[in-house]
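Enquirer: Here it is, the structure in full.
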Amino acid sequence: MAERKIKAEGVDMLRLLGLNDANLQVVEDRFDASITVRGDAITIRGDAKEVEQLEKVFKELIYVLNKSGAITTNDVETVIDLVRVNGDPALPNNIATQIGEEDLETVVLFTRNGIIRAKSAGQKEYIRQIKKNDIVFAIGPAGTGKTYLAVAMAVAALRNREMMKIILARPAVEAGESLGFLPGDLREKVDPYLRPLYDALDDMIPPEKLKTYVERRVIEVVPLAYMRGRTLNNAFVILDEAQNASSMQMKMFLTRLGANSKAIITGDITQIDLPTTTISGLVQIRDILHKIDGVQFCYFDRNDVVRHKLVKDIIDAYDQYHANGKLDANAEQPRLKRHR
């Protein structure tokens, strides 16, 4: 057992601990050590390693508060994750310093690897619309951050206790390969379709915590077909690769939404893997929902690409190829009217 006392002289303890001790509760939920606050003195008792980590956590939170004037539960979770993963909080020059250097509206999430934020005008508008609306469609080419930013927004909502769970879904549609010839049971067959969603989560949540979330079903990554019959309350729901959802699947997904939930639907209508006789639900949906308040469509183009610089050139090359009259296999698909 070890004990450490931190003197928070001149610190606004209400802001440090949060309204109704919300920030303190986040810390207590993550550690077994006891934390006692008397005036501006914080006393920590428990396992020596935890006591050392908690001292770093509180000192970093005090620094953040002094620099930015406020602390959110997201800040608390981030500092804890950074301390537990790296042993030290933040990146060079501290979290608070980084916040001061960035436009706060572009910042989505703080992770052990740095800041996740909107980097283009299209991405900034996307983040604004997600905050304002309960259903947002993100349509555009690969590499524009549609799914990655949506997952970051979901993780931030979970950390801030705005939502109780995250549901990530993808259609298990074959892209030139047959599920029947893939090895393994059903879960092993569909897992490759879901891997990009796990990759995004791996960037944002420490491995042990992510494992716990998945085991407790706080975070679910599932094939779209598994959504049928469910009602999702207090959930942040994301449908990725939605261009491969049929019209009926799209309707099924959108009608799963329950109280205090939000849905983000992402896709690229130039990469449809459905049979040519099947209409993409993402292509069709704009004409169906365009008059409903609370539903917003966001469009991305090559200027929003944040992957390797060659991705923009590849997109341009394909656009030019099709502009010259060489149509792809999906030419018979009805095309979505572009609205801005």
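Enquirer: What residue, of 32, 40, is in contact (Cβ under 8 Å) with a residue 24 or more places away in the chain and at negative phi?
Expert: Answer to the selection: 40.
Enquirer: Would you point out the residue of the range 99-124, among those that are open to solvent by less than 40 Å² (accessible area, probe 1.4 Å), within 20 Å of residue 160 (Cα to Cα) and assigned to a helix (DSSP H, G or I), that is modelled with the highest pLDDT?
Expert: Looking at the filtered set, the residue picked out is 106.
Enquirer: Still on this structure, I have one more. For the range 154-174, indicate whether the set of residues that are among the charged types (D, E, K, R), at pLDDT below 80 and open to solvent by 50 Å² or more (accessible area, probe 1.4 Å) is non-empty.
Expert: Checked the range 154-174: at least one residue is among the charged types (D, E, K, R), at pLDDT below 80 and open to solvent by 50 Å² or more (accessible area, probe 1.4 Å).
Enquirer: Output the residue which, of all residues in the range 270-293 that are crowded, with 19+ Cβ neighbours inside 10 Å and not hydroxyl-bearing (Ser, Thr, Tyr), is nearest to residue 138 (Cα to Cα).
Expert: Filtering the range 270-293 for residues that are crowded, with 19+ Cβ neighbours inside 10 Å and not hydroxyl-bearing (Ser, Thr, Tyr), the one nearest to residue 138 (Cα to Cα) comes out as 282.
Enquirer: If we keep just the residues of the range 255-269 that are in contact with a Leu (Cβ under 8 Å, 6 or more places away or on another chain) and under 16 Å from residue 296 (Cα atoms), which is most open to solvent (accessible area, probe 1.4 Å)?
Expert: 257
Enquirer: Residue by residue through the range 303-323, note down the ones that are open to solvent by 80 Å² or more (accessible area, probe 1.4 Å) and at pLDDT 75 or above.
Expert: 303, 314, 318, 320, 321
Enquirer: How many residues does the range 37-85 contain that are open to solvent by less than 30 Å² (accessible area, probe 1.4 Å), in a helix (DSSP H, G or I), out of contact with any strand residue (DSSP E or B) (no Cβ under 6 Å at 6 or more places or on another chain) and β-branched (Val, Ile, Thr)?
Expert: 8
Enquirer: Which members of the range 225-242 meet the condition of being among the aliphatic types (A, V, I, L, M) and either crowded, with 24+ Cβ neighbours inside 10 Å or not in a helix (DSSP H, G or I) (or both)?
Expert: Residues satisfying the conditions are 232, 235, 237, 238, 239, 242.
The values are calculated or read from the model by the stated rules, or taken from the named source; none is laboratory data. In this text, all values refer to a predicted model and were calculated from it rather than measured experimentally. For neighbour counting, all protein chains shown are included, and Cβ atoms are generated from backbone atoms with ideal geometry for every residue, glycine included. With ligands, DNA and RNA removed, areas are computed over all heavy atoms of the protein, side chains included. Shrake-Rupley method; radii C 1.70, N 1.55, O 1.52, S 1.80 Å.
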